[in-house]
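All remarks here apply to the structure that follows.
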């Protein structure tokens, strides 16, 4: 991020997010950064934030900062907050010198080349999972019965239970579509067997390759 707007809503949100760092113990940022610098190539960003930052607003603020800022933004962000502080009278400054010093330490602790590298890899891998193929948005099963008529269709001799499976999805071009198929009870059992088999394979893959998967989960971001 190369510049900060002066008065728009985005800049006000960014300022609030930056100031959130002045209210957090540096020890928390150190612990957070140490896990981001760990041996794993990918991390569960939200799970990590939830582990160390219980306050919802502060949690969301840090999430936005690591998503939108990079290491080269530190000097500009620091100067921007300092300029904002100096716009107030000396006895009315909303951020004390001690809080400003804590803000700068936390910002530098959070945004390091090693932490940003893991964050960006995780974000890229998660986006790749969502950028390929059609994305399922819903699944519905509708159970009913179909009548069985006699040969001249003058009477109903019985009924056949059926299930309609409807799959809703978004195409990569953002078009929304759905496909539906009618299944007998035996076919429905076969679907469940195949789903169970696929889930078992995913679990094996997750256990074997979790260090290389975004958020350690085959399903992507958590």
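In nm, to one decimal, how far is the modelled label at residue 108 from the one at residue 199, with both set 7 Å along Cα→Cβ?
5.0
Label-point separation (nm) for residue 182 and residue 160, each offset 7 Å from Cα along Cα-to-Cβ?
Label at residue 182, label at residue 160, 0.7 nm between them.
Once you place label points 7 Å from the Cα toward the Cβ at residue 78 and residue 117, how far apart are they in nm?
The modelled label-to-label distance comes out at 2.2 nm.
What is the ratio of the Cα radius of gyration of segment 135-183 to 2.2 N^0.38 Å, with N the residue count, to two decimals?
Dividing the Cα Rg of segment 135-183 by 2.2 N^0.38 Å gives 1.69.
How far, in nm, would the chain grow between residue 87 and residue 169 when pulled straight, counting 0.36 nm per residue and subtracting the alpha carbon separation?
The residue 87-residue 169 span can extend by a further 24.4 nm.
Mind checking the log10 I(q)/I(0) for segment 9-131 at q = 0.22 Å⁻¹? Debye, one equal scatterer per Cα, no solvent, two decimals.
The computed values of log10 I(q)/I(0) come out as -1.36.
Counting other beta carbons within 10 Å of each Cβ, put 97, 170 in order, fewest first.
The fewest-first ordering by Cβ neighbours comes to 97, 170.
Every number here is computed from the coordinates shown, using simple stated rules; none is lab data. Computed from a prediction, not measured in an experiment: that's the story for all the values here. Neighbour counts run over all protein chains shown; Cβ positions are idealised from the backbone, glycine included.
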